[in-house]
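Undergrad: Please find one structure pasted underneath; my questions will follow.
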Amino acid sequence: MELYNGIISDTLELLSAYTPKKLRVYENVNWEMCLSNELILSKDAAFELGGNRLPSLNYSCVTTSKCLVPKDEILLYGADLNEIKKDTAFGRIVLLNINDLNDDDRAYKAIKDLEYVKYNIIPKGYMIRASSFDKREQVRVSKEAVRKGINFETIGNVYINKLKEDELVKSACIIFITENIPKFKELNAYANKVDAITQTLNHVLNNMNLDCQSCNLKSICDEVEGMRKLHFKTIESVNRYDN
Ligand code: SF4
């Protein structure tokens, strides 16, 4: 699966202008997890990440190219949770190196499954509200969690461990941004592009109409290497099967 490689490279290139803190990666995370969504009232919140009309985004990309996501990593651009004193901008980006499935339908399903993993990650005192509509992610962090020492090392490792429960995932890079960097607008555009690629992938796997001139996804196929080829391949294999 190489369709997201361009976005992954662009993301890494864009962030290379800044120096992240590299947080420790480990398996045994010592933090209470909730089974269902926890409600943190504003009076109990220390601050909100990505709330109050501050910049906010999240997106995930998968690749089978190990060189793009060579190992598990947690990168933090900006202040950690124990340093933040007021509402702040927030970005969370997940890059995953996955096994090659050699089956595009299965790959698409795996991508959607991995996208939904985030809804099962509910650390105590860290209330996530994600919108698939506009790619925002807001997090309300409780005063109690801050008092108990919550930080992005813990949250990042929770994500990595949960994602790696899926045998498909070989390595995961979790990027947190809490600084209102000037590049937020571009990262937002990448988040929308990731969504457009996934939607186009769904289309090419299910739609047998191959008329690029009238297709409203043409701009994506023009830009994303391998997408057009995949549509041709899908139609060819369906025709072969029919005959
Ligand atoms: S290959 Fe052509 S028809 Fe298929 S999604 Fe891309 S632009 Fe549309």
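Undergrad: Order by neighbour count: Phe176, Phe47, Phe232, fewest other Cβ atoms within 10 Å first, most last.
TA: Phe232, Phe47, Phe176
Undergrad: Right, another one. Grab the other residues whose beta carbon is less than 11 angstrom from that of Ala107, score K and R as +1, D and E as -1, and report the net.
TA: -3
Undergrad: So, R0 is 41 Å and r is the distance between the beta-carbons of Arg147 and Arg53; what FRET efficiency does that work out to, to 0.05?
TA: 0.90
Undergrad: Another question, if that's okay. Taking Cα pairs under 8 Å and at least six residues apart, what relative contact order does the stretch 65-166 come out at, in percent?
TA: Reported relative contact order: 34 percent.
Undergrad: Still on this structure, I have one more. Sorted from largest to smallest, which semi-axis lengths in Å does the alpha carbon gyration tensor of the stretch 37-83 give for its equivalent ellipsoid, taking the root of 5 times each eigenvalue?
TA: Working through the eigenvalues yields semi-axes of 30, 13, 12 Å.
Undergrad: Give, in nm to one decimal, the length gained when the segment between Ser131 and Lys66 is fully stretched (0.36 nm per residue of separation minus the Cα-Cα distance).
TA: So the chain would gain 20.5 nm between Ser131 and Lys66.
Undergrad: Output needed for the stretch 5-181: three equivalent-ellipsoid semi-axes, defined as square roots of 5 times the C-alpha gyration tensor eigenvalues, in descending order, whole Å.
TA: Each semi-axis is the square root of five times an eigenvalue, giving 26, 18, 15 Å.
Read-outs throughout are calculated quantities, based only on the coordinates presented, and are distinct from any laboratory measurement. This is a predicted model, so every value here is computed, not measured. Every residue, glycine among them, receives a Cβ derived from its backbone with ideal geometry; neighbour counts consider all protein chains shown.
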